[in-house]
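Colleague: Please read through the structure below; I'll follow up with questions.
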Amino acid sequence: MNRVKQNSNNEKLTAVLEELRLMRGKLDLLLPREDIKDYSNPARIKNSYKKATKKYPPASAWK
């Protein structure tokens, strides 16, 4: 019984995550990403972002 319940929960979670991926793509159309070239120190921003993603990987890397 537990195995059936666990499989069901995994399927639901997979469906929810897939829906979120689709929504994220639609959100990018509405709110385009900024270009950091206009900021005063883009190299510093980029290095900080790289450090942060190493320490705290994005959720998409969990797969």
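The values are calculated or read from the model by the stated rules, or taken from the named source; none is laboratory data. Everything numeric here is computed off the predicted structure, so don't read it as measured data. Backbone-built Cβ (ideal geometry, glycine too); neighbour counts: all protein chains shown.
Colleague: Restricting to the stretch 8-46, count the residues that are more than 20 Å from Ala59 (Cα to Cα) and modelled with pLDDT of 80 or more.
Modeller: 12
Colleague: Now for a separate question. Please identify the pairs in which a residue from the stretch 1-21 that is surrounded by 10 or more Cβ atoms within 10 Å (Cβ to Cβ) has its Cβ atom under 6 Å from the Cβ atom of a residue that is not in a helix (DSSP H, G or I), counting only partners at least 6 apart or on another chain.
Modeller: Partner pairs satisfying both residue conditions: none exist.
Colleague: Next question. What number goes with the only condition from (1) part of a helix (DSSP H, G or I); (2) of a type outside the set (Lys, Arg); (3) surrounded by 10 or more Cβ atoms within 10 Å (Cβ to Cβ) that Gly25 does not pass?
Modeller: Here Gly25 meets the rest and fails (3).
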